[in-house]
Amino acid sequence: MASSLVKLRKIVKTYGAIKVLDGIDLDIGNDEFVVVLGPSGSGKTTILRMIGGFTQPSSGEIEFDGMSLNGVPINKRPFNTVFQDYALFPHMTVADNVGFGLRVRGVASAQITAEAANALSLVELKGFADRYPAQLSGGQRQRVALARAIICKPRLILLDEPLAALDASLRRQMQTFLKDLQREIKTSFLFITHDQEEAITMADRIVIVDRGVICQTATPRQMYYQPDNLLVATFFGDNNLIRGTAAEVSEKWVVVETPFGTCRVQAPETLWATVKDPLCIAVRPENVTLVAADAAPLKGRVVSVEFTGPISVIKVESHSDPAAVLNVKCLSAAKGMELAIGGDVGISWQSEDAWPLHP
């Protein structure tokens, strides 16, 4: 991670008897795109609001460049916020909306005009300066809000679900645009969302929050393939969770007995002391390969084959435990064995593609 710009240490936020955040620790690095992801009511927006100064922690410390931000008012923090509704002034032109922050600071009109034109150019709205918000599309209004946020050159931009109101196609375009903009202006972004695809597409690091606590902080790839717990393992896309028992453990491998047979998977340090413990193996459907039944130690019975176009989804159940079912995704055009419903099939995956967890 880049050097820390903002640090949250042991942050607790309560409203009466309700604890919204419970001991949050979080670092945001310089020039880093951090996405905080979680369901509604998880506490993710409260984290943003405390960093921005809109609310104060009940306990704990927020630091910026090594200095405490506790009690520092909003206008004294070198951050800007982009809200979901954009909060543009309808009676002001685009240029006036963008330059509002500089005007409040007493910057000369000529400089505001030049800075606003530069900010609009960055967000690809050159030529829109004299329009009003009502004359813009949702995506254009969102870019105006971004231009207003970056014109004062903040050290951190806080974005509270800014793409939520956009349709799916425009939302994907804006995801790419935001990431490219962040790289160009070299400013840290803290982005709040409940959309898993959005997080995994945009983030340098993802922070998953649930019920006021951080479940895991990691890169998108680490989060997807090496989850810390079952909640995270099921948060992104489809995942097979195979219950089993640790039969043998080393510092490199765990041998696990499962309803499909015995397999070997990589061993995280947290499992080095595990012997005869219940485990759960997480393996993505696209990483499972089907082979001839006599060619693999893991076996099952085909219960369904679903054609979805280029990808087919095959369900395979255990012979010993019908409740244990694997989803397998493969190319529909792939040549090989004929899959008959009820027929036996071998199951295979690379050891590094399976990740063991405590259930």
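The values are calculated or read from the model by the stated rules, or taken from the named source; none is laboratory data. Predicted, not measured: the structure shown is a model, and the values here were computed from it. With ideal geometry, Cβ positions are generated from the backbone for all residues, glycine too; neighbour counts draw on all protein chains shown. The protein model used for the area step is the full one, side chains on, heavy atoms only, and it has no ligands, DNA or RNA in it. Shrake-Rupley method; radii C 1.70, N 1.55, O 1.52, S 1.80 Å.
Filter the stretch 287-297 for residues that are within 33 Å of the chain's Cα centre (by Cα) and part of a strand (DSSP E or B); which is nearest to residue 264 (Cα to Cα)?
Among those that are within 33 Å of the chain's Cα centre (by Cα) and part of a strand (DSSP E or B), it is 289.
Taking residue 54 and the conditions (1) touching a Lys or Arg at 6+ places or on another chain (Cβ under 8 Å); (2) open to solvent by 10 Å² or more (accessible area, probe 1.4 Å), which numbered condition does it fall short on, given that it satisfies the others?
The single condition residue 54 does not satisfy is (1).
Collect the residues in the stretch 326-344 that are outside any loop (DSSP other than H, G, I, E, B) and either more than 31 Å from the chain's Cα centre (by Cα) or more than 22 Å from residue 264 (Cβ to Cβ) (or both), keeping them in residue-number order.
Within the stretch 326-344, 329, 330, 331, 344 qualify.
Do we find a residue being open to solvent by 30 Å² or more (accessible area, probe 1.4 Å), among the small types (Gly, Ala, Ser) and assigned to a loop (DSSP other than H, G, I, E, B) anywhere in the stretch 299-318?
no
May I ask you to list the residues in the stretch 186-202 that are buried (at least 16 other Cβ atoms within 10 Å of the Cβ) and β-branched (Val, Ile, Thr)?
187, 192, 193, 200
Taking residue 83 as meeting all but one of (1) among the hydrophobic types (A, V, I, L, M, F, W, C); (2) surrounded by fewer than 18 Cβ atoms within 10 Å (Cβ to Cβ); (3) farther than 22 Å from residue 48 by Cβ; (4) in contact (Cβ under 8 Å) with a residue 40 or more places away in the chain, write down the number of the exception.
(3)
Taking residue 103, is it out of contact with any Ser or Thr (no Cβ under 7 Å at 6 or more places or on another chain), among the charged types (D, E, K, R) and open to solvent by 40 Å² or more (accessible area, probe 1.4 Å)?
It is true that residue 103 is out of contact with any Ser or Thr (no Cβ under 7 Å at 6 or more places or on another chain), among the charged types (D, E, K, R) and open to solvent by 40 Å² or more (accessible area, probe 1.4 Å).
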